[in-house]
Amino acid sequence: MADFDVIVIGGGPGGYVAAIHAAQLGLKTACVEGRETLGGTCLNVGCIPSKALLNATHHLHEVHENFEKMGLMGGAPTVDWARMQAYKQDVVNGNTKGIEFLFKKNKVTWLKGWGSIPAAGQVKVGDEVHTAKNIIIATGSEPSSLPGVTVDEKVVVTSTGALALPSIPKSLVVIGAGVIGLEMGSVYARLGTEVTVVEYLDAITPGMDSEVAKNFERILKKQGFKFILGAAVQKVEADATGAKVTYKLRKNDSEATIAADTVLVATGRKPYTAGLGLETLGVEMLPRGQIKTDDHFRTSVPGLYAIGDAIVGPMLAHKAEDEGMAVAEIIAGKHGHVNYDVIPSVVYTTPEVASVGKTEEQLKEAGRAYKVGKFPFMGNARAKAVFQAEGFVKLIVDAATDRILGCHIIGPGAGDLIHEVCVAMEFGASAQDLALTCHAHPTYSEAVREAALACGLGAIHA
Ligand code: FAD
C-alpha cells in the first residue's frame, strides 16, 4: 500500500491549495517543500512582500500628494527603511505561518526538504523514499536570465533582491516594463528613487489592452517614471558602487548607456523543475521549459500531474490555486475544471490596473464584432473625493448578443472591481444584466455599472 494517496511537490499557491483540497476530499496527503517556510514564491518573495511595500509607500505618496488638500497638515513622515522591511517580513511571516496552521488543521503532512521523483509513484526527500498513488508537481518558477547580464542580488537584482535592498537607491534602472518591474518601480519611485524603465517593446505591459497601457504609461510618467521603450539591453556592467546599462534603440540601432545605483532585471520568469529527475522519468516537456500536461493536468507519466507556474498559462498565484483545486478534484474522481477565459490579472500600482477576458486587439484579430462601453472615473463621485479620478472602466461586449467578452479597468480599486465582471462572465451575463443591477452609491463599482450602461443607451454621469 502506498504511504500517501497524494504527494504534492512544492508548497506555493498551487501546491498548498492542491494539498489542502486533496485532504478536504478525504485523501491522505503530503506536501514537500524545500524552503524553510510554506507559501512558495508568492508568499515569501512575490505577491505578498511586494504588496506590503506597495501599501507602505502608497501611504507615503498620499501624504505628499493629497494630505494638505484635505487639511491634514504637519509635513511628510521620514522613512525608516529597516522598519519598513521589518513590517514587510511580519506580513510574510503571518501568511506563511498561516499555511502551516492550515496544513495541521487539514492533516496535510509537510515533508521538509527538496523532493525528487526517482520512479513513478515515488518521491524522495533527503534519504527517505515515500510512495504515493498520485504525485502533483507544483515547483513553480524562477526569474529568467538575460544575455550579458549577471545578477549578483546586490547591485544587479531580481525581484527577490529588489524586495530586500539594504538601502533605498538614489537611482534604479528596471529592465522590463511588465507587472513586477512596474510594481517594484512604483515602490522605489514613491520613496524618492529616480526610476528608469528600459523595455524591448514599444509599449509597457505587453498583452494589456493598448488603450489602458497608454494611459497607464502616461500616469506613471506623471509619477516620475522615465521610460526608454523599443530598447534592447546589450549588457550591464556592475561594481560595488553601481551599474551601467547599455542598450540599443531598435528604431535606429543607436547605442546608449545609463548609470544607476541598482538595476532590477524584471524580464519575466521561467518554470523551475531542476532536480526533480524529469528527464530520467521521461516526462514530456514543452520548448519553453514547461511540463507538458493535458486538460486534466496529467503529464506523460501515469499518476504524475503538474500545475501552476511549472505548466503553460499565465504565471499568476490565483491561476495556480485554481489548478490546485481542480487537480485535487480530478484525483478524487470529481470534475475539476479551470475556465482559462476568465482569469483576471491585476497590477497593484496606484492607480491599479485590472483586466479579464479579451482585449480589443484580440477581438479585432479574431474578426469578431464587438461594442465598447467606457466610463471615466472623472464621473464617479467617490473617485473624485479621494483624488483618484484618473482612468476608466472599459467593458467589451459582443455586438449582437451584448454578452460580456472582456473588461479593462485603470483606476481606484480596479483589482477588486474586476471580480464583479468575472462573476458576470462566469454566468454568461450581458452588459444589460450588469446595468440593471443596483450598485451602492457612492462606490467605485458604480463606474462598472456606468460602463455597462454605456454599452446600451449611454452612461448617466458622462
Ligand atoms: P511557487 O509559488 O513558485 O512555489 C513553488 C514552490 O516549490 C517553492 O516554494 C519552491 O521552493 C518549491 N520547490 C521547487 N522545487 C522543489 C522541490 N524539488 N522540492 C521541494 N520544493 C520545491 N501573482 C499574482 O497572482 N499576484 C501578484 O500580485 C503577484 N505578484 C508577484 C510579485 C513578484 C515579485 C513575483 C516574483 C511573482 C508574483 N506573482 C504574483 C506570481 C506568483 O508568485 C506565482 O505565479 C505563484 O507563486 C506560482 O505559484 P506556484 O505554486 O506554481 O509556484
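Brief remarks follow.
- Any hit, the stretch 88-102, residues being among the acidic types (D, E) and over 19 Å from M325 (Cα atoms): yes
- Residue match in the stretch 210-232 (condition: at pLDDT 95 or above, crowded, with 23+ Cβ neighbours inside 10 Å and part of a strand (DSSP E or B)): yes
- Only one entry of G277, G268 meets the criterion of being within 12 Å of the ligand (Cβ to nearest atom), surrounded by fewer than 22 Cβ atoms within 10 Å (Cβ to Cβ) and over 21 Å from the mean Cα position of the chain (by Cα), and that entry is G277.
- Matching residues, the stretch 251-275, being over 16 Å from G148 (Cβ atoms) and charged (D, E, K, R): K251, D253, D261, R269, K270
- Scope the stretch 1-48; condition charged (D, E, K, R) and in contact (Cβ under 8 Å) with a residue 12 or more places away in the chain; matching residues: D3, D5, K28, E33, R35
- D202 meets each of the listed conditions (1) in contact (Cβ under 8 Å) with a residue 24 or more places away in the chain; (2) touching a helix residue (DSSP H, G or I) at 6+ places or on another chain (Cβ under 8 Å); (3) acidic (D, E) apart from (2).
- Scan of the stretch 392-406 for residues that are within 23 Å of the chain's Cα centre (by Cα) and either closer than 12 Å to C422 by Cα or at pLDDT below 95 (or both), ordered by number: L395, L405, G406
- Condition check for V17: outside any helix (DSSP H, G or I), within 15 Å of the ligand (Cβ to nearest atom), in contact with a helix residue (DSSP H, G or I) (Cβ under 9 Å, 6 or more places away or on another chain) and of a type in the set (A, V, I, L, M): no
- Residue list for the stretch 12-22, restricted to those being more than 12 Å from L102 (Cα to Cα) and among the small types (G, A, S): G12, G14, G15, A18, A22
- Within the stretch 292-321, being surrounded by 22 or more Cβ atoms within 10 Å (Cβ to Cβ) and away from the ligand (no atom under 11 Å from the Cβ) holds for T293, F297, T299, L304, Y305.
- Residue check for V91: in contact (Cβ under 8 Å) with a residue 40 or more places away in the chain, away from the ligand (no atom under 15 Å from the Cβ) and either closer than 30 Å to P271 by Cα or in contact with a helix residue (DSSP H, G or I) (Cβ under 9 Å, 6 or more places away or on another chain) (or both): no
- Taken over the stretch 22-66, the criterion of being surrounded by fewer than 20 Cβ atoms within 10 Å (Cβ to Cβ) and among the charged types (D, E, K, R) is satisfied by K28, R35, E36, K51, E62, E65.
- Just one of the listed residues (K104, K88, K69) is of a type in the set (K, R) and surrounded by 12 or more Cβ atoms within 10 Å (Cβ to Cβ), and it is K88.
- If the condition is being under 26 Å from G178 (Cα atoms) and without any contact (Cβ under 8 Å) to a residue 12 or more places away in the chain, then the stretch 257-284 contributes only A274.
- Among the candidates V174, V156, the residue that is touching a strand residue (DSSP E or B) at 6+ places or on another chain (Cβ under 9 Å) and more than 23 Å from L316 (Cβ to Cβ) is uniquely V156.
- Filter result for L38 (part of a loop (DSSP other than H, G, I, E, B), at pLDDT 95 or above and more than 21 Å from G413 (Cβ to Cβ)): yes
- Set side by side, the residues A19, A82 differ, and just one is more than 20 Å from the chain's Cα centre (by Cα), surrounded by 15 or more Cβ atoms within 10 Å (Cβ to Cβ) and at pLDDT 95 or above, which is A19.
- Scanning the stretch 322-338 for residues that are assigned to a helix (DSSP H, G or I) and either more than 13 Å from the ligand (Cβ to nearest atom) or modelled with pLDDT under 95 (or both) turns up A326, A328, E329, I330, I331.
- Residue among G373, G336, G391 that is on the phi > 0 side of the Ramachandran plot and small (G, A, S): G391
The values are calculated or read from the model by the stated rules, or taken from the named source; none is laboratory data. Fair warning: this is a prediction, and the values are worked out from it, not measured in the lab. Neighbour counts run over all protein chains shown; Cβ positions are idealised from the backbone, glycine included.
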